[in-house]
Amino acid sequence: MRIIVLVDFSLYTECLIKVATNWADLLDAVLVLVHEVPRMVPAMADDDTRYNIIDYEKEEAISMLKTLAERNIPEHISTKYEVTDRRLTYFLPHLMSDKEQTVIMLGLKGTGLLKKVFIGSVATQIISKLNKITVGVPLKANKATPENLIVPANPDYPINDEKLDQLVNFLCPTLKSIDFISIDRSEDKNLSTNYLKELSNKYNGRIPTSYKVFKSQQVFEEFKSYTTTKEHSFLVLQKGGDSFKDMVLKRFFINRIVHDGTIPLIVLPE
């Protein structure tokens, strides 16, 4: 297994590496530190000058990645380094194999990963095109690995059971509980409740579970209060086109909750 860590050398990097290192320890995974160079090339530069500048950027980035690893990653964790001048969405598939499990990990910036997801960003493209388990790490993550998962679920947009099972199996050594949540809508109240019960019962034999249905009139206030009292939790979202946007942006207002980048986030593939 490998964990691909997207490093931009910002102030988020140290926390991101700390979390990635703990996950690598837990999952016995190889860490792959990846950086995309900025390609700071003058517009009028000739081809030779352009190549020389980019090569220099790559050499500097490799040196910085190695220094970062020496300072933060124990020697027993296998670590590799990749630097590219290509867009990450084109470069990262070359680091992945169908025969090997891959998790992508990136920093959850103050403007919020979900906000960027809906306005078009590198994070959006990585989530939509690469279809891998993706972990967003806030600047001040208070727990490197999850003790609790908060999983929004709705029968109209079913959870990817296979990927959720995979995630639960990955995190089982540290996982203490799973909370399934939904919104009470008059037209499907019983359907939502029954779906949450079904999910809760499925995992309850392995890990303690609970479920909660929020009232649609005060959903934002209820959900915000609920998540802020859940320590060491990761929010788990299901990727998937318009249903992803509807469930997250319109129904749960999760972008308002995580816009300041304080809640660790896991996005499941379709």
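The values are calculated or read from the model by the stated rules, or taken from the named source; none is laboratory data. None of the values given here were measured: they were computed from a predicted structure. A quick note on method: Cβ atoms are made from the backbone with ideal geometry, for glycine too, and the neighbour counts reach across all protein chains shown. The accessibility values were calculated without ligands, DNA or RNA, using every heavy atom of the protein model including side chains. Shrake-Rupley method; radii C 1.70, N 1.55, O 1.52, S 1.80 Å.
Conditions (1) of a type in the set (Gly, Ala, Ser); (2) modelled with pLDDT under 90; (3) open to solvent by less than 10 Å² (accessible area, probe 1.4 Å); (4) in contact with an Asp or Glu (Cβ under 9 Å, 6 or more places away or on another chain), marked per residue:
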| residue | (1), (2), (3), (4) |
| --- | --- |
| LEU11 | no, yes, no, no |
| LEU33 | no, no, yes, yes |
| VAL37 | no, yes, yes, yes |
| PRO42 | no, yes, no, no |
| TYR51 | no, yes, no, no |
| TYR56 | no, yes, no, no |
| GLU59 | no, no, no, no |
| ALA69 | yes, no, yes, no |
Residue hits (segment 71-90; open to solvent by 80 Å² or more (accessible area, probe 1.4 Å) and under 22 Å from THR134 (Cβ atoms)) are LYS80, ARG86, ARG87, TYR90
Any chance LEU27 is hydrophobic (A, V, I, L, M, F, W, C) and exposed (fewer than 13 other Cβ atoms within 10 Å of the Cβ)
no
Next on the checklist: Can you confirm whether MET64 is under 27 Å from GLN166 (Cβ atoms), in contact (Cβ under 8 Å) with a residue 12 or more places away in the chain and surrounded by fewer than 18 Cβ atoms within 10 Å (Cβ to Cβ)?
Outcome noted: no
* open to solvent by 70 Å² or more (accessible area, probe 1.4 Å) and either modelled with pLDDT of 85 or more or among the aliphatic types (A, V, I, L, M) (or both), is that true of LYS197? -> yes
Counting only residues that are part of a helix (DSSP H, G or I) and in contact with a helix residue (DSSP H, G or I) (Cβ under 7 Å, 6 or more places away or on another chain), segment 166-180 contains a total of 2
Of the residues in segment 107-165, those that are modelled with pLDDT under 75 and in a loop (DSSP other than H, G, I, E, B) come to LYS109, GLY110, THR111, GLY112, GLY120, SER121, LEU139, LYS140, ALA141, ASN142, LYS143
